[in-house]
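Chemist: I have a structure here, written as C-alpha cells, and I will follow up with some questions on it.
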Amino acid sequence: MRLVVQKFGGSSVANAEGVMAAARKAIRAKRMGNQVIVVVSARGDTTDNLIELAREITEKPPAREMDMLLSTGEQISIALMAMAIQSLGEKAISFTGAQVGIVTDSTHTKARIKSISTSRMRKALEDGQIVIVAGFQGMDEDFNITTLGRGGSDTTAVALAAVMKHDSQGPGLEVACDIFTDVDGVYTTDPRIVPEARKMEAISYDEMLELASVGAGVMHSRSIEFAKKFDVPLQVRSSFSDSEGTWIVPEKEWMTLVPVCGAAMVREEARISIEGVPDKPGISHQVFNAVSSRNIVVDMIAQSVGTNGKANIGFTVHANELSVAVEVLQPLADELGAKLFYDAQVSKVSVVGAGMRSHTGVAEKMFAALVAENINLRMITTGDIKISVLVNKEDADKALGAVHRAFNLEKTRAQEPASPPATTNGKKYGRDLLAITQQLASMEEILVSNIHASTDQGRITLFGLPDRPGNCLKIFQAIAGHGIVVDMIVQNLSGEKADLSFSVPIPQIQKALELAREVAKAIGADIHASADSDNATLYVLGVGMRSHTGVARKIFGTLAQEGINILMINTSETCISVVVSQKQGELALASLRAAFGLDA
Ligand code: ADP
Ligand code: ASP
Ligand code: MG
C-alpha cells in the first residue's frame, strides 16, 4: 500500500470551489488505490485576520492565547474539507493536531514537534477513511495548543509523511508528499517580485532548505529539514492544475553544474551590532545565548577581527524580533561596556546553489551585479552553498532582480532532466533505517551529522574600508583575477566603515594580501590590512543548523568553556563554520565532537 500526503495551502482552499477541487484531488488519489492524508491550512487570509483581531485587543497578545486563536483557522478548513469529501461520496474524517497526537515543545507561536503518534491516523486509514489533519498546530505536554510558526502547515505535512514512513508500524511504507499551492512549483525566485523567474523541475534538499531559510516563502524551511532527515521526496505543485511541479530530492550531479540555482529575499530584516565588546573567549557565547534564550533565530553573523582588545559583533534577526532582541541585549551591552546599534530598514538578498561548492567567482559576480545598480552592501556573509548580502530596504526588489539576471536564472539549469528524477522511495541511500526510526522519538531534535576541521585556510582582514558601493567588489575582482579562491567572506559595517575578512588558501595568502593592499591603497583612506595563517576552521554539518537556535548556542558555549576565542563565524542551514586559532584547533574539534555526541 502506498500513502499519499497532500497538503493544501491557504489560497488553495480560500473559497468553496477551492475546497471542492482539493477534495476531488484527494478522492482521485484514494481511488487510485492509495491511503490518503490531507493536511490543510487556514483559508485565504484567515491567519492574518486572526492576528489583526488580537491586535485590536492588545499590542502584546500573550503567546499561549495567540496559539489558541490562530489554531482556529485550520480547524475551519479541516471540517469543510471533510464535508466536501463526504459530499462527493467518499469517507473522510477530520482531526486537529492534538487529536492525532502531534506533541510539540511549549514555545508558543513557534513550537517544534517532539513526537507524533500514528495509531489514530492508521486506524482511520485502515477503515478506508481519507484522514484530514489541521496543519500548523499541535499541543504541548500539558495539553496547551501550540502553533509551529507562519507557514507551518508544510512542516505538518512532511512530518506526518515521515512518521508514517518510519515508525514501528510502517517501516518501508512507500510515501509520497505533494505540496499543493498557488504556484506550479518552486521558481528561481519569487515570481511575484521577479516576473522572469523560472520554474525548476527539481531542486536538492540542501538547496531548498537554504533557499527557504533565506526567504523563499514557497516552503516552510523546517519542512525541508524533515524531508531530508527522513528521506521524504516532495513535490511542490499547483492546486489549480494537474501539471508536474518541482521535485525536492537528494542532490544529483547535474545540479552542481551551475553555481547558483535560485535567489531569495527577506524584506523585513533588522541589523544589530554590538560595538566595542572585549575580544576574549565567551563573549559571542554571552551575546548569542541571550538572543537564543528567547528563541530568536540569529541570521547573518559577522564577527569582525578584534583590534586593541575590542571587537564588534554584527548580526541580523527578523525585523519582528528586533524589539525582543534589543530588550535582552541592551543590559548585556551595558554590562560589557559596549554600544548597541540597530537598524530595521534593511533587507537581505541571497543566492543559493549546490554548485557553489565547486565554482569560483560567485561572490564577485553577485557583488558586481549589485554595484552596477549602485546598491550598497551593508553586510556580507557566505555559507557553503549560499551568499547573503544586506542592502537598504528600498533597494531590495532591484537587488533581487539584478542578481537573478547576473546568474541567468531565467535560463534552464544545465542538463536539467525533462522528466522528474527518480525518488528515493524504498531505497535508503546510505542511511540506517533503525537510526532514522530512533530519531522519531525527538523528531525535531537537531541533527549534527559531522564536525571536521581544516587548517589550510588563512585569513585576510581589512579594517576601516570606506562603506561605498564597489569597494568590496574591487578587492574580490583583484583576488579572483589571480585565480585565488575565496572561501568565507564576512563583512561587518560599523559606522561609515566596514571591516572585511575573508579566507583564502594559505599558499596564496601573501599574494592575496598584496593584492588587497594594492586595492586598499587605490581606494585611499587609512586602511589597514593584515593576514594570518595560523587558523583552524571548524565545520559543523547537519540540517537545521541555523534555525535551531540551540546549535549555535551549544557551539559557542562549548568553545567558551574551553577558553577558545572565535575569530570568524558563518552560518547556514547545513553548516556552521567557526574560525579559531590554529593552536586551539584540535581542542576545539575534540570538544565540539564530544558536545554533539559524535564520538560515542
Ligand atoms: P500556501 O498558502 O499554499 O502555503 P504560500 O503563499 O505560503 O502558499 O507560498 C506560495 C507563494 O510563495 C507563491 O505565491 C509565491 O509568491 C511565493 N514564493 C516565494 N518564493 C518563491 C519561489 N522561489 N518559488 C515559488 N513561489 C515563491
Ligand atoms: N495558516 C498558517 C499561516 O498562515 C500556516 C500555513 O499557512 O502554513 O501561516
Ligand atoms: Mg505556505
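FYI, it's all coordinate maths here, none of it is from the lab. Just so it is clear, the structure is predicted and the values come from calculations on it, not from any experiment. Virtual Cβ from ideal backbone geometry, glycine too; neighbours counted across all protein chains shown.
Chemist: With the Cα gyration tensor of region 522-591 giving a ≥ b ≥ c as the square roots of its eigenvalues, does the rule (a/c under 1.5 for rounded; else a/b larger than b/c for prolate; else oblate) give rounded, prolate or oblate?
Modeler: Oblate shape, in that a/c is at least 1.5 and b/c is the bigger or equal ratio.
Chemist: Kindly state, to the nearest 0.05, the FRET efficiency for SER358 paired with SER293, given R0 = 30 Å and r defined as their beta-carbon distance.
Modeler: 0.20
Chemist: Rounded to the nearest 0.05, what FRET efficiency do LYS123 and GLU52 give with R0 = 35 Å and r taken as the Cβ-Cβ distance? Could you check?
Modeler: Approximately 0.35, to the nearest 0.05.
Chemist: Moving on to the next point. Pairs of alpha-carbon atoms within less than 8 angstrom and 6+ residues apart define the contacts here; what relative contact order does region 134-223 have, in percent?
Modeler: 24 percent.
Chemist: Could you compute the FRET efficiency for ARG2 and LYS252, with r as their C-beta to C-beta distance and R0 at 22 Å, rounded to 0.05?
Modeler: According to the calculation, E is roughly 0.40.
Chemist: Quick check for me: using +1 on Lys/Arg Cβ and -1 on Asp/Glu Cβ, what's the dipole size of region 298-363 about its Cα centre, in debye to the nearest 20?
Modeler: That gives region 298-363 a dipole magnitude of about 360 debye.
Chemist: Once Lys and Arg get +1 and Asp and Glu get -1 on their Cβ, which of MET20, ASN34, THR47 lies farthest toward the positive end of the dipole of region 1-48?
Modeler: ASN34
Chemist: Can you sort TRP254, TRP247 from fewest to most other Cβ atoms within 10 Å of each residue's own Cβ?
Modeler: TRP254, TRP247
Chemist: Take the alpha carbon atoms of region 127-274, find their radius of gyration, then divide it by 2.2 N^0.38 Å using N residues; give the quotient.
Modeler: 1.13
Chemist: Can you list residues from other chains, or at least 5 along the same chain, whose modelled amide H is less than 5 Å from the amide H of VAL543?
Modeler: HN-HN under 5 Å from VAL543: LEU447, SER449.
Chemist: Just to be sure I understand the rule: take each whole DSSP H helix in the chain, project its Cα atoms onto its long axis, keep it if the span is 24 Å or more and its mean Kyte-Doolittle hydropathy is at least -1.0. Which ones pass?
Modeler: 63-87
Chemist: For region 235-337, build the convex hull from the C-alpha positions and give me its volume per residue in Å³.
Modeler: Spread over its residues, the Cα hull of region 235-337 gives 178 Å³ apiece.
Chemist: Separate question: Within region 471-489, whose backbone N sits under 19 Å from a point 7 Å along Cα→Cβ of ASN374?
Modeler: Once the point is set 7 Å along Cα→Cβ of ASN374, 471-474 turn out to lie under 19 Å by backbone N, inside region 471-489.
Chemist: Rounding to the nearest 20 debye, state how big the charge dipole of region 95-221 is about its Cα centre with +1 on each Lys and Arg Cβ and -1 on each Asp and Glu Cβ.
Modeler: So the magnitude is around 260 debye.
Chemist: Quick check: residue separation of ASP397 and ARG28 times 0.36 nm, minus the Cα distance between them. What number comes out in nm?
Modeler: 128.8 nm
Chemist: Using only DSSP helix segments of four residues or longer, with each worth -39500 (n - 2.57), what per-residue ellipticity at 222 nm results for the chain after dividing by its residue count and rounding to 500?
Modeler: The helix-only estimate for the chain comes to -10500 deg cm²/dmol at 222 nm.
Chemist: Got a sec? Charge dipole of region 466-596, +1 on Cβ for Lys and Arg, -1 for Asp and Glu; which of PHE596, ALA498, ILE479 is way out at the positive end?
Modeler: Positive-most Cα among the choices belongs to PHE596.
Chemist: Still on this structure: Using the crude model of +1 on Lys and Arg Cβ and -1 on Asp and Glu Cβ, and no other charge, please compute the dipole size for region 465-537 relative to its Cα centre, in debye to 20.
Modeler: 240
Chemist: Just name one of PRO250, VAL298, VAL287: the one whose Cα is farthest towards the positive end of the charge dipole of region 246-318 (beta-carbon charges, Lys/Arg +1, Asp/Glu -1).
Modeler: VAL287
Chemist: Taking neighbour Cβ counts within 10 Å as the exposure measure, how do HIS166, HIS285 sort from fewest upward?
Modeler: Ascending number of Cβ neighbours within 10 Å: HIS285, HIS166.
Chemist: Arrange ARG593, ARG405, ARG43 by Cβ neighbour counts within 10 Å, fewest through most, would you?
Modeler: Going from least to most buried by this count: ARG405, ARG593, ARG43.
Chemist: For THR146, enumerate residues with amide H under 5 Å from its amide H, sequence gap 5+ or separate chain, H modeled in the peptide plane.
Modeler: So THR146 has HN proximity to GLY138, MET139, ASP140.
Chemist: Let me ask you something else. Taking only C-alpha pairs under 8 Å that are 6+ residues apart, what is the relative contact order of region 245-368 in percent?
Modeler: The normalised contact order for region 245-368 reaches 43 percent.
Chemist: Further question on the same structure: Over what distance in Å are the Cα centres of region 332-407 and region 248-319 separated?
Modeler: Measuring centre to centre over Cα atoms gives 12 Å.
Chemist: Let me make sure I get this right: for region 300-372, a, b and c are the square roots of the gyration tensor eigenvalues over alpha carbons, sorted descending. Under 1.5 in a/c it's rounded, otherwise prolate if a/b > b/c, else oblate. Which is it?
Modeler: Taking the square roots of the gyration eigenvalues as a ≥ b ≥ c, region 300-372 is prolate.
Chemist: Now, a different point. HN-Hα J couplings of region 234-241 from phi, Karplus 6.51/-1.76/1.60, θ = phi - 60°, integer Hz, Gly and Pro as x?
Modeler: Here the 3J(HN,Hα) series is 10, 10, 9, 8, 7, 6, 9, 8 Hz.
Chemist: A follow-up question, please. Tell me whether the chain comes out rounded, prolate or oblate; compute the Cα gyration tensor, take square roots of the eigenvalues as a ≥ b ≥ c, and use a/c under 1.5 as the rounded threshold.
Modeler: prolate
Chemist: By average Cβ neighbour count within 10 Å, what is the ranking of 27-33, 396-402, 262-268 from highest down?
Modeler: 262-268, 396-402, 27-33
Chemist: Still on this model: Evaluate the relative contact order of the chain (contact order divided by residue number), counting alpha-carbon pairs under 8 angstrom at least 6 apart; express in whole percent.
Modeler: 13
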